[in-house]
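First the structure, in the form of structure tokens, and then the observations on it.
The values are calculated or read from the model by the stated rules, or taken from the named source; none is laboratory data. The shown structure was predicted, so the numbers you read here are calculated from the model rather than taken from an experiment. Note that each Cβ is placed from the backbone with ideal geometry, even for glycine, and that neighbours are counted across all protein chains shown.
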């Protein structure tokens, strides 16, 4: 571990370009009149954990930092100056389009560095594949740099050498962050309730586990006036958490998801994503809850009986009593036996499976 690497990462987290997008950090800073944040919270961020989990090392790393100050006991950290708001960030941002999808953040940064000092580059992602879609947000350190570039109508030329050895030159279109988002939202069609893609609900996903996650999700969606924000749920297959948010109309749900994804907001340092939640997914979830009442046990010995299968499960009363039925099957082709155990509830099956894996 190099203290210089720790210092660099901590200063990125508290930078002008990151704080307006980090819901967790803004929430914690707002709790203290002077903006102090527990250093343990920052050490729990994924991109800090791999560097250090020692608060004293983090404190030592920040000696001489022009951006941050640490308390003498190394328990809290804060910025020396107040951070900008999200509106200021947008005013310093331009959107460039036309990049090949293999382009890197460094290549985008190198191209636009000629127009002013760059604070951040964010590659926008396709709604479905979540891969780079050829659009990039360039956040300048000064608003004037963004204004001059947009007003000049300059089209920077992106040059890239192909595997064949030939060099391609691609003109890149640039517009302000505000104009880009307004244009993208206007391109969304107005859907009727009969349309297959119509939905008044959105799903938020990709966030890490946190005891305060429900409160943070409320902060994320408050600007879009949702009708209801459900408690966080657990995906039975991926075991990742998600939340369903209900709006008054399809347009409101689409506007919220588009705006949120464009903003690249973060919870606990991790970029979150949202999309519309379709009606057929509701049905699929209901079916999934039924399906997860079952556990399949493979590779049983020949002539295995119900009582033998019961021994597979831990001798815990709550688990044993929740088993409604066990059916044993014989596969003549593969000459093997397997069984299916049905539980009263999907949660019971999940607990049973967890306990089996612990044995």
Check your understanding: Does the range 188-201 contain any residue that is modelled with pLDDT of 95 or more and under 30 Å from residue 41 (Cβ atoms)?
Key -> no
Check your understanding: Could you list, in sequence order, the residues of the range 270-282 that are buried (at least 19 other Cβ atoms within 10 Å of the Cβ) and outside any strand (DSSP E or B)?
Key -> 272, 277
Study note, to complete from the structure: Within the range 1-25, the residues that are more than 19 Å from residue 36 (Cβ to Cβ), in contact with a strand residue (DSSP E or B) (Cβ under 8 Å, 6 or more places away or on another chain) and outside any helix (DSSP H, G or I) are 17
Exercise for review: Output yes when any residue across the range 270-290 is in contact (Cβ under 8 Å) with a residue 24 or more places away in the chain and more than 26 Å from the chain's Cα centre (by Cα), and no when none is.
Suggested key: yes
Practice item. Mind telling me which of the residues 328, 312 ends up being touching a residue at least 40 places away in the same chain (Cβ under 8 Å), touching a strand residue (DSSP E or B) at 6+ places or on another chain (Cβ under 9 Å) and assigned by TED's automatic domain parsing to the domain that holds residue 354? Key: 312
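Show me the strands (runs of 3 or more DSSP E) found entirely inside the range 134-248 where at least 2 residues are in contact with a strand residue (DSSP E or B) (Cβ under 7 Å, 6 or more places away or on another chain) and within 16 Å of residue 272 (Cα to Cα).
Fully inside the range 134-248 and qualifying: 201-205, 241-246.
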**Study point:** Members of the range 95-120 that are outside any loop (DSSP other than H, G, I, E, B) and in contact (Cβ under 8 Å) with a residue 60 or more places away in the chain
**Key:** 95, 96, 97, 111, 119, 120
